[in-house]
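One structure is given here, and the rest of the page talks about it.
The values are calculated or read from the model by the stated rules, or taken from the named source; none is laboratory data. Owing to the predicted nature of the structure, the values given are computational and were not obtained by experimental measurement. FYI the Cβ positions are ideal-geometry reconstructions off the backbone, even for glycines, and counts take in every protein chain you see.
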Amino acid sequence: MISIKGLTKVFQIDKKQVVAVDDLNLTIKNGEIFGVIGYSGAGKSTLIRLLNRLEEPTSGKVTIGDNEITSLSKNRLRNARQNIGMIFQHFNLLWSRTVSENIEFPLEIAGVPKEKRVQRVKELIDLVGLTGREKAYPSQLSGGQKQRVGIARALANNPKVLLCDEATSALDPETTDSILDLLVDINERLGLTIILITHEMHVIRKICNRVAVMEKGKIVEQGDVLDVFLKPKQPVTKKFVEQVMGSQEDDIGQLIENYSTGEVVRLHFVGESANQALISKISKEFDIEVNILQGKITQTKLGAYGTLIVQLIGEQDEISQTIQYIKEKTSIEVEVLKNA
Ligand SMILES: Nc1ncnc2c1ncn2[C@@H]1O[C@H](COP(=O)(O)OP(=O)(O)OP(=O)(O)O)[C@@H](O)[C@H]1O
Ligand SMILES: [Mg+2]
């Protein structure tokens, strides 16, 4: 478990003070992929760099497993850091070293004997899918391949935690997806805890179990990814959800005006229920017509989520029974927008 208590970082520039992380509290469970999302300047990078003390905190406490990171001496911190891998937006590779030599570097620092290093590098190259590119230099690799080297290097000493600071922000969407798949694979195969910082909700949606939204150095909202997607509370969170879902409230008033017969209802799908063929089911079981007006369903790590706005046309009695059925027999939430 990672526990962050009262963590604060104040930067002093000339006579001005910048509070980058402000009395922040957070708990991250072992083995989860935890996302932190926020706009530029929110303090995300500072937060993640405080976790391995690349940045010294002004006050507060960070505990990773049994280690209280914030109270370790320099020597003991060096050992503790072997359990905390980190990857970066711009990869931070050594340009004069080959792929193999980059991955070998942290093993050399840890004093691993040559024979074992060679063996371990081979395993890592295989794990991240770079077989055949061992002798290439970073300048000869694509962005995605460079990040694979970064990931292999971060995993060299078998860390328990992997910190990712905008690890996919320099990559195109397709390469982003392949790197995210690799992170999920590593998380599942090695049971690694991953903390991932991003400004892209797509990244959170695709691989995170839980998410925290950061603004002005504080966590303003957090929860399971599905819950946060379904019921974002803070304006900043709503904006991030819109990145993926589009604005849900486009002209609902207009929509209702245009469809004046029957009832217009909004269906909220969360988790597995979205996979049930609800629309075809209700139109078969009840004597109604179902007209889909607007909607979007998206997949998250824990299932599908989204909303559909539909018009139900038929006898009032049949419509009421249909709504009753959805409420009682499914986990889909129904909200009546207009009752003609
Ligand atoms: N070394 C530093 N010295 C002074 N101020 C800093 C330093 N590092 C960060 N800051 C300030 O702290 C605040 C938070 O910065 P940080 O880099 O953590 O934000 P971020 O959320 O990672 O942003 P981005 O999405 O742009 O990477 C900003 O106001 C920034 O200017
Ligand atoms: Mg940053």
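Points to keep in mind about this one:
- Of the criteria (1) in contact with a Lys or Arg (Cβ under 7 Å, 6 or more places away or on another chain); (2) within 21 Å of Thr168 (Cβ to Cβ), which one Met86 fails: (1)
- So Leu183, is it surrounded by 20 or more Cβ atoms within 10 Å (Cβ to Cβ), in the same structural domain as Ile37 (by TED's automatic domain parsing) and either under 18 Å from the mean Cα position of the chain (by Cα) or touching a residue at least 12 places away in the same chain (Cβ under 8 Å) (or both): yes
- Contacts under 8 angstrom Cβ, first residue in region 122-137 being touching a residue at least 40 places away in the same chain (Cβ under 8 Å), partner of a type in the set (Phe, Trp, Tyr), 6 or more apart: Tyr137/Trp95
- Some residue of region 9-24 being modelled with pLDDT of 95 or more, part of a strand (DSSP E or B), away from ligand 1 (no atom under 14 Å from the Cβ) and within 18 Å of the chain's Cα centre (by Cα): no
- Candidate set: region 25-48, residues that are assigned to a strand (DSSP E or B) and in contact with a helix residue (DSSP H, G or I) (Cβ under 7 Å, 6 or more places away or on another chain); chosen: the one farthest from ligand 1 (Cβ to nearest atom): Ile33
- Cross-chain or 6+ apart pairs with Cβ under 9 Å, region 10-34 first and on the phi > 0 side of the Ramachandran plot, then part of a loop (DSSP other than H, G, I, E, B) and within 10 Å of ligand 1 (Cβ to nearest atom): Asp23/Gly217
- Residue match in region 151-166 (condition: within 16 Å of ligand 2 (Cβ to nearest atom), assigned by TED's automatic domain parsing to the domain that holds Lys135 and more than 25 Å from Lys29 (Cβ to Cβ)): no
- Helices (runs of 4 or more DSSP H) within region 178-245 that include 2 or more residues more than 16 Å from Lys301 (Cβ to Cβ) and touching a helix residue (DSSP H, G or I) at 6+ places or on another chain (Cβ under 7 Å): 235-245
- Tallying residues that are among the aliphatic types (A, V, I, L, M), surrounded by fewer than 20 Cβ atoms within 10 Å (Cβ to Cβ) and within 15 Å of ligand 1 (Cβ to nearest atom) within region 49-77 yields 1.
- Here Ile87 fulfils each of the conditions (1) under 19 Å from His199 (Cβ atoms); (2) surrounded by fewer than 20 Cβ atoms within 10 Å (Cβ to Cβ); (3) in contact (Cβ under 8 Å) with a residue 40 or more places away in the chain apart from (2).
- If the condition is being closer than 27 Å to Gly31 by Cα, of a type in the set (Val, Ile, Thr) and more than 16 Å from ligand 2 (Cβ to nearest atom), then region 65-123 contributes Ile69, Thr70, Ile84, Ile103, Ile109, Val112, Val121.
- Residues that are part of a strand (DSSP E or B) and either in the same structural domain as Glu188 (by TED's automatic domain parsing) or out of contact with any Leu (no Cβ under 7 Å at 6 or more places or on another chain) (or both) within region 270-310 comprise Glu289, Asn291, Lys296, Ile297, Thr298, Gln299, Ala304, Gly306, listed in sequence order.
- Only listed residue being out of contact with any Ser or Thr (no Cβ under 8 Å at 6 or more places or on another chain) and either of a type outside the set (Asp, Glu) or outside the structural domain of Gln89 (by TED's automatic domain parsing) (or both), chosen from Ile207, Ile197: Ile207
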